[in-house]
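Enquirer: I have a structure I would like to understand better, so I am pasting it below and will then ask my questions one at a time.
The values are calculated or read from the model by the stated rules, or taken from the named source; none is laboratory data. Fair warning: this is a prediction, and the values are worked out from it, not measured in the lab. Cβ atoms come from the backbone with ideal geometry, glycine included; neighbour counts cover every protein chain shown. Calculation scope for accessible area: heavy atoms of the full protein, side chains included, ligands and nucleic acids excluded. Shrake-Rupley method; radii C 1.70, N 1.55, O 1.52, S 1.80 Å.
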Amino acid sequence: MTKVIVVGAGISGMAAGIYALQSGFHVTLLEQHTIPGGICTSWRRKGYLFEGSMHWLTGSDEKNPINRFWQEVGALSKDSPIYYRDPFISCQYKGQTACLYRNLEKLKAHLCDISPKDTPHILRFCKDVKSFTSMNVPINNIPGLKLKKKEKAASTLRALSKMLPMLLRIGSMGKVSVGEYLRQFSHPAIRLLFSQVTNDKYSAIALFFTMACFASGDGGYLEGGSLKMARNMAKRFEELGGNIRYGVKAEKVVTDKGRASGVFADGSFITADAVIIASDTLSAIDTLFETPIGEPWAEDMRKNTKPVNCTFVGLGVEADLSHIPSTVIYPLDKPITFAGKQLNSISINNYADYEGYAPEDCTALTMILEGEYDFWKAASSDGSYKQKKQELAEQVIARLEEKIPAAKGKFVVWDIATPLTYERYCGTYHGSWMTLMPPGNKLVSYPCKPENIEGLYFAGQRLQPPGGMPVALITGRQAAQYLCRDYDVVFQGNI
Ligand SMILES: Cc1cc2nc3c(=O)[nH]c(=O)nc-3n(C[C@H](O)[C@H](O)[C@H](O)COP(=O)(O)OP(=O)(O)OC[C@H]3O[C@@H](n4cnc5c(N)ncnc54)[C@H](O)[C@@H]3O)c2cc1C
């Protein structure tokens, strides 16, 4: 049997491993951590569960073509309970609450009511989002792949012709950032609301795609969250006969006469016929080989990648905060000072309505702030890391106590994960979990298979825009398809 080693049991590595097992390969997954999931994770502190990744999942809804793949890898099943938050985000501004509803008609009426002056922009925005809802980027099998049954390829041409009316709009939106696009709205609450949908440095296209995802009934949250989803996939992998070796860090991928021949890990050499690297590609091309990969695509990746990372704050509150919206933005009278910058608003995710996320009548809250890798790196070097975390937590708690009187004096747990935490646990470049899609840039994808090393494949969020869990899944599937094609094996999906 052909022996395959997959490096990394994140979403991409488990997807690659599951498809490879189903197609008849012998697969061992090496995972440096003690649990599956990589960045797709959640963790408990003193009874509070902090959701560290999934906020919305593209493909949670059966109408989205990606849903089928989530089911194939066991991440979701037909009866998986999914939460669809609505309003998705709220903003409390000077006594008013602006809400981001999923239904575009409701959203339009609500926002025009909040800011009649912005009506023309709101109408245009909702019209554009509506057009985006009909766009589903086709996910085709790789060319030349043997399949167990003839599948009808999604027609790229048909999809493109459907998208035609939007392509011109996309051209102009692609030139501006979310932040620049939002300047046309005069009402601060509307700007704040949309700025929370996606990073304001992203190309404005990202805002429309994400809004279209919500408006089309997708973008839900699996009950139990990220770690549950990762465990579902690990279970599927093991049921298929795969072996996950936890706590084993791959040190080097060995190549011999232009072919991957195995992996050095745990002080020994593990031979393999093929290796799939599903740890962060940007790190792997520099660290996992005797000589860093110098192929043109790898050079492009080094040059073009703008890593997105975060400082994650989890809070445990001994109070039932179910009267607070599930994601809410509060503009601040007194800013939070963090990494030499001033934060003038704060956005919290509130898990009060989610069963099992906190002890009874208590609430888990989370917050995602800018990563500030250099700030935390410097703090780690000069010994002030813990103190800086404490200072940040104290400021956040003080501001939230002003905004949420029911929480005053009731914060009993705080937990901060910095980019250094993600770097340590997941081995990603600067703790990054996504790549910025800035305005004006071509959307660049990278190959799952290098040009000059046989038996070597890549999978992971870094390989295709916009990144995130769906890209991890799709590239894992593609890496397994290249493996099948190279070994002249029939690729077996499951459904
Ligand atoms: C706060 C936050 C919110 C997010 N929200 C969303 C969201 O709402 N929707 C969405 O789609 N995405 C979201 N994401 C992003 C998403 O979680 C990631 O993009 C995705 O999980 C990446 O999966 P991956 O398999 O590509 O990589 P990873 O998760 O990085 O997996 C790589 C695995 O390789 C292991 N590894 C690394 N080096 C080695 C080695 N040398 N040897 C052995 N093992 C190794 C790591 O431990 C890890 O398990 C969010 C992320 C964060 C941090």
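Enquirer: Show me the GluC sites (Glu not before Pro) within the stretch 351-428 that DSSP assigns to loop and that have at most 12 other Cβ atoms within 10 Å of their Cβ.
Expert: Glu355, Glu360
Enquirer: Please report, in Å, the Rg and the Dmax of the stretch 1-160, where both are computed over Cα atoms only.
Expert: When restricted to the Cα atoms of the stretch 1-160, Rg and Dmax are 21.3, 68 Å.
Enquirer: State, in angstrom, two size descriptors of the stretch 439-495 derived from its alpha carbons: Rg to one decimal place and Dmax to the nearest whole number.
Expert: Expressed in Å, the Cα Rg and Dmax of the stretch 439-495 come to 12.8, 41.
Enquirer: Please list, ordered by chain and number, the residues whose modelled amide H lies under 5 Å from the amide H of Thr327; skip anything fewer than 5 residues away on the same chain.
Expert: The list, which skips near neighbours in sequence, is Ser90, Asn350.
Enquirer: Return the calculated 222 nm mean residue ellipticity for the chain, to the nearest 500 deg cm²/dmol, obtained by summing -39500 (n - 2.57) across DSSP H runs with n ≥ 4 and dividing by the residue count.
Expert: -11000 deg cm²/dmol
Enquirer: Ok, one more. Which percent, to the nearest 5, of DSSP beta bridges fully inside the chain are antiparallel?
Expert: The antiparallel fraction comes to roughly 70 percent.
Enquirer: Of the cross-linked pairs Lys252/Lys303; Lys306/Lys403; Lys201/Lys341, which ones have a Cα-Cα span greater than 26 Å in the structure shown?
Expert: Check vs 26 Å cut-off fails for Lys306/Lys403.
Enquirer: Leu443: accessible area at probe 1.4 Å, nearest 10 Å²?
Expert: For Leu443, solvent-accessible area is about 110 Å².
Enquirer: Taking the Cα centre of the stretch 1-145 as the origin, how large is its charge dipole in debye, to the nearest 20, when only Lys and Arg (+1) and Asp and Glu (-1) carry charge on their Cβ atoms? Walk me through the numbers before you get to the answer.
Expert: Details: 16 positive and 11 negative charges, 72 e Å.
It comes to approximately 340 debye.
Enquirer: Something else now. Given the whole protein assembly as supplied and a 1.4 Å probe, what does the accessible area of Thr2 come to in Å², nearest 10?
Expert: Probe radius 1.4 Å; accessible area of Thr2 about 40 Å².
Enquirer: Oh, and also: Give me P(r) over the stretch 210-338, computed from all C-alpha to C-alpha distances, binned every 10 Å, as integer percentages.
Expert: 8, 22, 26, 25, 14, 5, 0
Enquirer: May I ask you to list the trypsin sites (Lys or Arg not before Pro) in the stretch 432-495 that are in a DSSP loop and have at most 15 other Cβ atoms within 10 Å of their Cβ?
Expert: Here the trypsin sites (Lys or Arg not before Pro) that fit, given the DSSP loop and packing criteria, are Lys442.
Enquirer: Moving on to the next point. Quick one: pull the percent of accessible area on the chain belonging to carbon and sulfur, 1.4 Å probe, ligands and nucleic acids left out.
Expert: 52
Enquirer: So if R0 is 56 Å, what FRET efficiency would Leu145 and Asn344 give, r being the distance between their Cβ atoms, rounded to the nearest 0.05?
Expert: With R0 = 56 Å, the Cβ-Cβ based efficiency is 0.65.
Enquirer: Just to verify a number: what accessible area does Ser80 come out at with the full protein assembly present, 1.4 Å probe, Å² rounded to tens?
Expert: We get 20 Å² for Ser80.
Enquirer: State the extension gain, in nm to one decimal, for the chain segment bounded by Thr34 and Asp486, taking 0.36 nm per residue of separation less the distance between their alpha-carbons.
Expert: Here the answer is 159.5 nm.
Enquirer: Packing-wise, with mean Cβ within 10 Å as the measure, how do 177-183, 271-277 rank, highest first?
Expert: The most tightly packed comes first, giving 271-277, 177-183.
Enquirer: If you don't mind, there's one more thing I want to ask. Only Lys, Arg, Asp and Glu count, each charged at its Cβ (+1, +1, -1, -1), so figure out the dipole size of the stretch 402-474 about its Cα centre, rounded to 20 debye.
Expert: 320
Enquirer: At 7 Å along the Cα-to-beta-carbon direction for both Lys106 and His55, put a label point, then send me their distance in nm to one decimal.
Expert: 2.1
Enquirer: Kindly work out what percent of the DSSP beta bridges joining two residues of the stretch 4-140 are antiparallel, to the nearest 5.
Expert: 65
Enquirer: Here's another thing I want to ask about it. Rolling a 1.4 Å sphere over the protein heavy atoms, what is the accessible area per residue of the chain, to the nearest Å²?
Expert: Each residue of the chain exposes 43 Å² on average to a 1.4 Å probe.
Enquirer: Please state, to two decimals, what the Cα-based radius of gyration of the stretch 280-420 comes to when divided by 2.2 N^0.38 Å (N = residues).
Expert: In units of the globular-protein estimate, the stretch 280-420 measures up at 1.31.
Enquirer: Let me ask something else. Normalised by the number of residues in the chain, what is the relative contact order in percent for Cα pairs under 8 Å and 6+ residues apart?
Expert: Averaging sequence separation for qualifying contacts and normalising by length gives 25 percent for the chain.
Enquirer: Toward the positive end of the charge dipole of the stretch 426-495, about the Cα centre and with charges on Cβ (Lys, Arg +1; Asp, Glu -1), which of Gly431, Ser445, Leu473 goes farthest?
Expert: Of the candidates, Gly431 comes out farthest on the positive side.
Enquirer: If you take the square roots of the eigenvalues of the alpha-carbon gyration tensor of the stretch 242-298 and sort them as a ≥ b ≥ c, do you get rounded (a/c under 1.5), prolate (a/b over b/c) or oblate?
Expert: It comes out prolate by the Cα gyration axes.
Enquirer: A follow-up question, please. Can you work out D for the stretch 15-110 in µm² s⁻¹ from Stokes-Einstein, where Rh is the Kirkwood radius over C-alpha pairs, the temperature is 37 °C and the viscosity is 0.692 mPa s?
Expert: 192
Enquirer: How big is the C-alpha Rg of the chain next to the rule-of-thumb value 2.2 N^0.38 Å, as a ratio?
Expert: Details: Rg = 22.8 Å, N = 495, 2.2 N^0.38 = 23.2 Å.
It is 0.98.
Enquirer: Still on this structure: Give the lysines whose C-alpha is closer than 19 Å to that of Lys228, dropping any in the same chain fewer than 8 places away, or say none.
Expert: Correct list for Lys228: Lys46, Lys78.
Enquirer: Another question about this same structure. Extension gain Gln96-Glu318, at 0.36 nm per residue separation less the Cα-Cα distance, in nm?
Expert: So the chain would gain 77.2 nm between Gln96 and Glu318.
Enquirer: Are there chymotrypsin sites (Phe, Trp or Tyr not before Pro) in the stretch 420-456 that DSSP puts in a loop and that have at most 11 other Cβ atoms within 10 Å, and which ones? Don't skip to the answer; put the middle values down first.
Expert: Details: sites: Tyr422, Tyr425, Tyr429, Trp433; in loops: Trp433.
Passing sites in the stretch 420-456 do not exist.
Enquirer: Right, here's the next one. Express in whole angstrom the spacing between the alpha-carbon centres of the stretch 289-353 and the stretch 412-481.
Expert: One Cα centre to the other: 17 Å.
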